[in-house]
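Report on the following structure.
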Amino acid sequence: MANVMVVDDEEAVRQLFQEILIGSGHIVIEAENGEEAIKILNTMSIDLVVTDLVMPEKSGLELIMDIAEIHPKLPIIAISGGGGITGRFDYLPIAKLIGAKRIVNKPFKINDIRVLIKDILDDSE
């Protein structure tokens, strides 16, 4: 069982991850944006972060950079539908360059996410 933080400004996406992760026996901690995620990371132990990239207040890219600085061994999965502040732009390759262990395009297959999370958590043990 792992503590997995899901960071996404869309409640439906957070709820989907709740179902995926709780069904696999994990504890899910939710954050609506990067600012909220950093506050949580400063107060509790997290084993994996799954973050959207385009969010208000603090983007996923900013969050990944912060995590790389304060928790460099914490694995991160970056997810994105390709939207951006200035239109459609694929931020996923940038996320990988700055510290995301894996990147995933939205929409994704639920079983693919389950396998990916299991693989990452198994690798970090």
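The values are calculated or read from the model by the stated rules, or taken from the named source; none is laboratory data. It should be emphasised that the depicted structure is a prediction, and the values quoted were computed from it without experimental measurement. When we count neighbours, we look across all protein chains shown, and the Cβ atoms used for this are built from the backbone with ideal geometry, even at glycine.
Structure notes:
- First in the range 15-30 and within 12 Å of V50 (Cα to Cα) and without any contact (Cβ under 8 Å) to a residue 60 or more places away in the chain, second anywhere and surrounded by fewer than 16 Cβ atoms within 10 Å (Cβ to Cβ) and among the acidic types (D, E), Cβ under 9 Å, 6 or more apart: E30/E11
- Odd one out for E11, checked against (1) at pLDDT 95 or above; (2) under 21 Å from K109 (Cα atoms); (3) in contact with a strand residue (DSSP E or B) (Cβ under 7 Å, 6 or more places away or on another chain): (3)
- First in the range 98-125 and touching a residue at least 12 places away in the same chain (Cβ under 8 Å), second anywhere and in a loop (DSSP other than H, G, I, E, B) and acidic (D, E), Cβ under 9 Å, 6 or more apart: N105/D90; L121/D47; S124/D47
- Residue in the range 36-51 that is surrounded by fewer than 20 Cβ atoms within 10 Å (Cβ to Cβ), of a type in the set (S, T, Y) and at pLDDT 95 or above present: yes
- Every condition in (1) at pLDDT below 95; (2) under 21 Å from L121 (Cα atoms); (3) in contact with a strand residue (DSSP E or B) (Cβ under 6 Å, 6 or more places away or on another chain) is met by I20 except one, and the failing one is (3).
- Selected residue (criterion: nearest to E125 (Cα to Cα)) from residues of the range 43-71 that are in contact (Cβ under 8 Å) with a residue 24 or more places away in the chain and either out of contact with any helix residue (DSSP H, G or I) (no Cβ under 8 Å at 6 or more places or on another chain) or basic (K, R) (or both): S45
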